[in-house]
Amino acid sequence: MKESETMTEAKQYVASIQQMIREKDAGQTEFIQAVDELLPTVTAFLEEHPEYVEQNILGVLVEPERIIQFRVPWQDDKGNWQVNRGYRIQYNSALGPYKGGLRFHPSVNLSILKFLAFEQIFKNSLTGLPIGGGKGGSDFDPKGKSDAEIMRFCQSFMTELSKHIGPNIDVPAGDIGVGGREIGYLFGAYKRLKQYDAGVLTGKPLDFWGSKGRTEATGYGLVYFVKHLLANDQDSFEGKEVFVSGSGNVAIYAIEKAQELGAKVTTCSDSSGFIYDPAGIDLELLKEIKEVKRERLTEYANQRSSAEYFAGESVWNLDKPVDIALPCATQNEIHKEQASLLVKNGVKIVGEGANMPCTIDAVEVLLEKGVYYCPGKAANAGGVAVSALEMSQNSQRLSWTKEDVDQKLDDIMLAIYETCRDTAKNYGEEKNLMMGANVAGFGKVAKAMLAQGLV
Ligand code: NDP
């Protein structure tokens, strides 16, 4: 076949899969967005590898291996019967057991979990560790619930989930609304229903086989990724003005590491508004408010005279000079207009701590203006990478030191950065880390799928 014909065929093939998803999964907007973000960027790779087009690898890949949906009944503190919807998407096991977090948030639906699980396949592939892709969660809202209500909900959720997971089958972890407390209750429930098996969940508290460094891993990993990108241009975090969104697990530890490396972080947010603190975020105060007292950011503004609070506003509408933006809250936070504002204000790097925080047209603006765009599937892979290290420690019945885990995390983030950089360059798209991440992540999964036959 002539090269030009192959090229046409690969492009047509990719477009036909995108069209099929739009028709079959109409209404699943986040999932369609994730597919549309990835597929066109692997066209050049498919042109080089017509075997994947011939065997319809994309068609097989976009279909989850399994979706489990279930009822989660639970009783509130007043004795009322409540019910939520629970899910687990076991998307792809070509590289290992399904692996990916659980999200508890009222917005959770099939579209959001399918987008997260789809992204997770390629993220996990990029880590170089033996893990497949999955995700799960519930439309349960942990905000304002008592500890007893959270515990009863987690026990009910695990009553069903325990039938589908296991250390060599599917290993969930945390995500939005699921931290150490929830993982503890989920683990206790699993143990009672099945048996003690440390490797069934990651992100466990240290008292029962959690990994040192897991809490910090996603935020630290994000900053390590950007650190290596800066170092490649003989630059560093020293003296950089950094905007962060979110004030949860990822945001807090991204702020901590960026500050440690000499940056000035001036923003953080929650779903009610954002803080601008030109003196630099007081991390101790932020941790006290968010991690210990579980309060809102208005409390930060009350206690810190240098801070301004913007109720109901997005960080990304802040019209101030910025060098590095680290969105660490949720999907679709940065739209085209906000990307343009960041560019106008001098942003050089946008590193995604959250999953898909930039819309497709926001990414287009950033790439067009020569901003380094670090996609979540590469830049926030540190969390799942340390989860995989937690699985290794659980299998060995050993606990590594925090320094050891942190060094491994830094090495993994360097390897992911270099893979994205070099893959993009090989395909003539220097600086396009999204293309590098997508091709490298996809290439490995596609090869494993082909080698395992039609399953
Ligand atoms: P947390 O629940 O710890 O924190 C989430 C933060 O984002 C909170 O400040 C929350 O505010 C804010 N937020 C959530 N939803 C919205 C919304 N719709 N609008 C505005 N703000 C919102 O979650 P994580 O820090 O764990 O996760 C943050 C992001 O990072 C997610 O996209 C997640 O998928 C991604 N991620 C997480 C990993 C991990 O290891 N935890 C690994 C890789 C990616 P509020 O408290 O008001 O809800």
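Is it fair to say Asp197 is within 24 Å of Tyr98 (Cα to Cα), under 18 Å from the mean Cα position of the chain (by Cα) and touching a residue at least 24 places away in the same chain (Cβ under 8 Å)?
Details: within 24 Å of Tyr98 (Cα to Cα): yes; under 18 Å from the mean Cα position of the chain (by Cα): no; touching a residue at least 24 places away in the same chain (Cβ under 8 Å): yes.
No: the conditions fail for Asp197.
Hey, among the residues in the range 248-268 that are open to solvent by less than 10 Å² (accessible area, probe 1.4 Å) and within 20 Å of the chain's Cα centre (by Cα), which one's nearest to the ligand (Cβ to nearest atom)? Full working, then the answer.
Let us first name the residues in the range 248-268 that are open to solvent by less than 10 Å² (accessible area, probe 1.4 Å), namely 251-252, 254-255, 258, 265-268.
Okay, now just the ones that are also within 20 Å of the chain's Cα centre (by Cα), so 251-252, 254-255, 258, 268.
Working: Ala251: 6, Ile252: 8, Ala254: 9, Ile255: 11, Ala258: 15, Cys268: 8 Å.
Restricting to residues being open to solvent by less than 10 Å² (accessible area, probe 1.4 Å) and within 20 Å of the chain's Cα centre (by Cα), the top hit is Ala251.
In this structure, Gly273 does not satisfy being within 24 Å of the chain's Cα centre (by Cα) and either open to solvent by 50 Å² or more (accessible area, probe 1.4 Å) or in contact (Cβ under 8 Å) with a residue 60 or more places away in the chain (or both). The single condition among (1) of a type in the set (S, T, N, Q); (2) closer than 27 Å to Phe243 by Cα; (3) surrounded by fewer than 24 Cβ atoms within 10 Å (Cβ to Cβ) that Gln396 does not meet is (2).
When the range 305-317 is filtered for residues that are buried (at least 19 other Cβ atoms within 10 Å of the Cβ) and either touching a residue at least 40 places away in the same chain (Cβ under 8 Å) or farther than 16 Å from Gly273 by Cβ (or both), the ones remaining, listed by number, are Val315, Trp316.
Just the residues that are β-branched (Val, Ile, Thr) and open to solvent by 20 Å² or more (accessible area, probe 1.4 Å), please, taken from the range 195-238.
So in the range 195-238, the residues β-branched (Val, Ile, Thr) come out as 200, 202, 215, 218, 223, 226.
Thr215, the sole residue that qualifies.
If the Cβ limit is 9 Å and pairs must be 6+ apart or interchain, which residue in the range 246-267 that is within 22 Å of Glu308 (Cβ to Cβ) pairs with which residue that is near the ligand (Cβ under 6 Å from one of its atoms) and among the charged types (D, E, K, R)? Sorted first by the residue in the range 246-267, then by its partner, the pairs are Gly246/Asp270; Ser247/Asp270; Gly248/Asp270.
Here is a yes/no grid of residues against (1) within 16 Å of the ligand (Cβ to nearest atom); (2) buried (at least 24 other Cβ atoms within 10 Å of the Cβ):
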{"position": "Tyr300", "(1), (2)": "yes, no"}
{"position": "Gln303", "(1), (2)": "no, no"}
{"position": "Pro321", "(1), (2)": "no, no"}
{"position": "Ala325", "(1), (2)": "yes, yes"}
{"position": "Cys328", "(1), (2)": "yes, yes"}
{"position": "Thr401", "(1), (2)": "no, no"}
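The values are calculated or read from the model by the stated rules, or taken from the named source; none is laboratory data. The model shown is predicted, which means the values in this text are computed figures rather than measured ones. We place every Cβ from the backbone using ideal geometry, glycine too, and count neighbours over all the protein chains shown. Protein only, heavy atoms only, side chains kept; ligands, DNA and RNA dropped before computing areas. Shrake-Rupley method; radii C 1.70, N 1.55, O 1.52, S 1.80 Å.
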